[in-house]
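A.B. asks: What follows is a structure written as structure tokens; I'll ask about it next.
The values are calculated or read from the model by the stated rules, or taken from the named source; none is laboratory data. What you see is a predicted model; the values in this text were computed from it and never measured. Because the Cβ atoms are built from the backbone with ideal geometry, glycine has one as well, and the counts that use them run over all protein chains shown. Accessible surface is based on the protein model in full, side chains and every heavy atom, while ligands, DNA and RNA are left aside. Shrake-Rupley method; radii C 1.70, N 1.55, O 1.52, S 1.80 Å.
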Amino acid sequence: MKQLMAILGILAALIFLSGCQEGDTGSYSEMLLSGGGVYTDWSGLTAYEPEPARYTRFPGACGPLSARGDYGPLLPYVGAEMAVEGYIVDTLPLYGLVTKDGQVVTDPIYSGAYSIGSFLLLETGELGGGEEQFSYTAAAKDGRWVRQAGLCDGFFLLDNSHLVLAKLDGGVLVLDDQGDTAAEFHREQFVEYLGEDYFWNWDGGPDLRSVGGGVLAVWEYDPSSADYARYPCCLDTRTGEVLDALPADWAPESAEPYTQTPDFPGYLYAEPVSDLITGELSYIAFPERQAGADNPVYDLMDENGNLVLSGCFSLSGLMWQPYLADGLLGTIQDGAFTYRDLSTGEAVFRYPLRTNSD
């Protein structure tokens, strides 16, 4: 893993240096987008003929994401396929950001790009202190604010408008959906509960768990406890205090129950996909007739199990599910990442994948 993160860091830097060139506009022509939640047949398209690149570069945008108020919704894309050795897979993706009308805002310089609640979270891999480390940038989904969060061990939503970041230095940062600090806790506040040498660790703890009402519990595995857990302290994000005891009305059973995915007739499995812009839920599923296929091709279904688009996505090491974005479908096709209008099948963005040798 250490070699892997070093490789990703170097390759991302090379891609950044090779991007942002004057005239690097692709061949994108501006067009109106019309969303559609109805079944569409793309079989008439010439899917096997190579298509040209189709994008422009957002005016003035270059390098890592910077705050602006005129991007509109920012969408992730897979822009680079990095070959690696000595890892569980042969290739890994790098991500960039693009506007809904196909203007590149960042080159593929991020090892992760996550849409979580009201936030975009961008990840870069670094090597330091003898261990792999991940640095995060938090942003509004339209890029109107950008906040450097630094090195973190993990993140999750406290609620839809508050993001919790477990810092590598042992602190905790909570951001609101305007990019402001809602609460911040420093390592010294936990030492009396966790000792001098603790670090956040999801496997056995200490780890952070939301228990409602803006309160975070510090959890640790305890084999002597009836529920195999102990809670040495908790954090009140409303006051910034570290408390000795959990809220009196909280119990472990109050955790959110597991939600099972639906069964659709004629399909073996359905995987939920949330729209990056609207939040609406859809599903990808593969037909029963493809049972046993080495690489089954998934269909896109709406939340009620109605077919929206057949044969639209194949699982790969670069993408485990497609992107949906208010009438657009993002997939990798013929060596390029493409956003297509679901109602017409027309590409509004097509970015050929770069490789180690580019």
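A.B. asks: Out of Tyr228, Tyr283, Tyr198, report the one residue that is open to solvent by 40 Å² or more (accessible area, probe 1.4 Å) and either hydroxyl-bearing (Ser, Thr, Tyr) or without any contact (Cβ under 8 Å) to a residue 24 or more places away in the chain (or both). Before you say what the answer is, go through the steps one by one.
C.D. replies: Details: Tyr283 fails: open to solvent by 40 Å² or more (accessible area, probe 1.4 Å); Tyr198 fails: open to solvent by 40 Å² or more (accessible area, probe 1.4 Å).
Among Tyr228, Tyr283, Tyr198, only Tyr228 is open to solvent by 40 Å² or more (accessible area, probe 1.4 Å) and either hydroxyl-bearing (Ser, Thr, Tyr) or without any contact (Cβ under 8 Å) to a residue 24 or more places away in the chain (or both).
A.B. asks: If I filter the range 264-273 for residues that are surrounded by 13 or more Cβ atoms within 10 Å (Cβ to Cβ), closer than 21 Å to Val348 by Cα and in contact (Cβ under 8 Å) with a residue 24 or more places away in the chain, do I get at least one hit? Let's see the steps before the verdict.
C.D. replies: Pass one, the range 264-273, residues surrounded by 13 or more Cβ atoms within 10 Å (Cβ to Cβ): 264, 267-273.
Imposing the further condition that a residue be closer than 21 Å to Val348 by Cα reduces the set to 273.
Checking which are in contact (Cβ under 8 Å) with a residue 24 or more places away in the chain leaves us with 273.
The answer is yes, given that some residue of the range 264-273 is surrounded by 13 or more Cβ atoms within 10 Å (Cβ to Cβ), closer than 21 Å to Val348 by Cα and in contact (Cβ under 8 Å) with a residue 24 or more places away in the chain.
A.B. asks: Which of (1) surrounded by 14 or more Cβ atoms within 10 Å (Cβ to Cβ); (2) touching a residue at least 12 places away in the same chain (Cβ under 8 Å) is the odd one out, the single condition Asp222 does not satisfy?
C.D. replies: (2)
A.B. asks: For Glu132, indicate whether it is open to solvent by less than 50 Å² (accessible area, probe 1.4 Å), part of a strand (DSSP E or B) and of a type in the set (Asp, Glu).
C.D. replies: Working: open to solvent by less than 50 Å² (accessible area, probe 1.4 Å): no; part of a strand (DSSP E or B): yes; of a type in the set (Asp, Glu): yes.
No.
A.B. asks: If you go through the range 196-221 one residue at a time, how many are of a type in the set (Val, Ile, Thr) and under 15 Å from Asp153 (Cβ atoms)? Break it down into steps so the answer makes sense when it comes.
C.D. replies: Looking only at the range 196-221, we keep the residues that are of a type in the set (Val, Ile, Thr), and these are 211, 215, 218.
Of the ones still in play, those that are also under 15 Å from Asp153 (Cβ atoms) are 218.
The qualifying residues number 1.
A.B. asks: Sticking with this one: Can you pull out the residues in the range 154-184 that are more than 16 Å from Leu216 (Cα to Cα) and touching a residue at least 12 places away in the same chain (Cβ under 8 Å)?
C.D. replies: Scanning the range 154-184 gives Leu168, Asp169, Asp177, Gln178, Gly179.
A.B. asks: Which count do you get for residues in the range 190-209 that are in a loop (DSSP other than H, G, I, E, B), touching a strand residue (DSSP E or B) at 6+ places or on another chain (Cβ under 6 Å) and closer than 17 Å to Cys234 by Cβ?
C.D. replies: Just the residues of the range 190-209 that are in a loop (DSSP other than H, G, I, E, B), to begin with: 190, 195-206.
From the residues that got through so far, the ones that are touching a strand residue (DSSP E or B) at 6+ places or on another chain (Cβ under 6 Å) too are 200, 204-206.
Next, from what is left, pick out any that are closer than 17 Å to Cys234 by Cβ: 200, 205-206.
Looking only at that region, the number is 3.
A.B. asks: Would you pick out the residues in the range 323-339 that are farther than 17 Å from Ala113 by Cβ and touching a residue at least 40 places away in the same chain (Cβ under 8 Å)?
C.D. replies: Passing the criteria: Asp326, Gly327, Gln333, Asp334, Ala336.
A.B. asks: Another one. For the range 174-189, check the following and say yes or no: at least one residue is in contact with a strand residue (DSSP E or B) (Cβ under 9 Å, 6 or more places away or on another chain), assigned to a loop (DSSP other than H, G, I, E, B), of a type in the set (Gly, Ala, Ser) and at pLDDT below 95.
C.D. replies: No, the range 174-189 contains no residue that is in contact with a strand residue (DSSP E or B) (Cβ under 9 Å, 6 or more places away or on another chain), assigned to a loop (DSSP other than H, G, I, E, B), of a type in the set (Gly, Ala, Ser) and at pLDDT below 95.
A.B. asks: For Phe199, all conditions in the list (1) closer than 30 Å to Leu74 by Cβ; (2) among the aromatic types (Phe, Trp, Tyr); (3) more than 20 Å from the chain's Cα centre (by Cα) hold save one; what is the number of the exception?
C.D. replies: Only one criterion is unmet by Phe199, namely (1).
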